[in-house]
Amino acid sequence: MILAIDPGKDKCGLAVLTLEKKVIERQIVKRSEIITTTLAYLHKYQIITVVIGASSNGKKLAQEFADNKIKCILLDEKNSTLEARKLYWQENPPQGLWKFIPTSLRVPPVAVDDYAAVIIGERYLT
C-alpha cells in the first residue's frame with residue numbers, strides 16, 4: 001500500500017491506496033497534525049511508499065518528513081485539484097437540476113484535498 005498526500009498550507013489530504021489503485025481510506029487533516037497522522041498510518045497499514053505532491057508546501061513537508069526519518073517521494077501535482085473535483089462529482093453525482101450544470105461550473109460543497117491525494121497516489125501507481 002501507499003500513502004499519498006496533497007500538501008497544503010493549513011490542511012492536507014491523505015489517501016491510502018493498494019497497488020491496484022483501490023482506495024482504502026482518505027481524509028483531510030490539519031497541517032499541524034500531518035506528522036502524527038502519517039506515523040499512525042504507517043503503523044496501521046503496511047505502507048511501502050509515501051508520496052507527496054511536489055508543490056512548495058510539499059517540499060517543506062518532505063523536509064519535515066526527512067527530519068522525522070520518514071522516507072517520501074515528491075511527485076508532480078499539476079491539475080490535481082481540478083481532477084479531484086471531477087472525481088468528487090463522479091462519486092457524488094449531483095441531484096435534480098444540478099445534474100444539468102456542467103461539471104466545470106460546479107464547486108463541490110466540501111474540501112476535496114483527500115480526493116487530490118487519491119489523484120496523486122493514482123499518478124504514482126500509473
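One way to sum up the overall shape of the range 78-126 is the equivalent ellipsoid from its Cα gyration tensor, whose semi-axes run 22, 9, 9 Å, largest first. Where in the range 31-53 does the label zone of residue 68 land, with the point 7 angstrom along Cα→C-beta and an amide N cut-off under 13 Å? In the range 31-53, the label zone of residue 68 (backbone N under 13 Å from the point 7 Å along Cα→Cβ) covers 31-43.
Taking the longest Cα principal axis of the chain as reference, the axis of helix 80-91 is set at about 60 degrees. Of the GluC sites (Glu not before Pro) found in the range 1-58, those that fall in a DSSP loop while having at most 10 other beta-carbon atoms within 10 Å are 20.
Computed from the C-alpha gyration tensor, the three semi-axes of the ellipsoid equivalent to the chain are 27, 15, 13 Å, from longest to shortest.
Summarising the strand pairing of the chain, around 65 percent of its internal DSSP beta bridges are antiparallel. Any idea what angle helix 56-67 forms with the longest principal axis of the chain, computed on alpha-carbon atoms, 0 to 90 degrees, nearest 10? Result, in degrees: 30.
Across the chain, how many lysine pairs separated by 8 or more positions, or lying on different chains, have Cα atoms within less than 13 Å?
Numbers: 9/30; 9/59; 9/60; 11/30; 59/71.
Close lysine pairs under the 13 Å cut-off: 5.
Cα-based radius of gyration for the range 10-53, normalised by 2.2 N^0.38 Å, reads 1.12. Cβ-Cβ distance of residue 24 and residue 97, R₀ of 35 Å, FRET efficiency by 1/(1 + (r/R0)^6): the value works out to about 0.50.
Quick note: the coordinates plus some simple rules give every number you see, no bench work behind them. Predicted model only: the values in this text are computed from it and were never measured. Don't worry about glycine lacking a Cβ; one is built from the backbone with ideal geometry, like all the others, and counts go over all protein chains shown.
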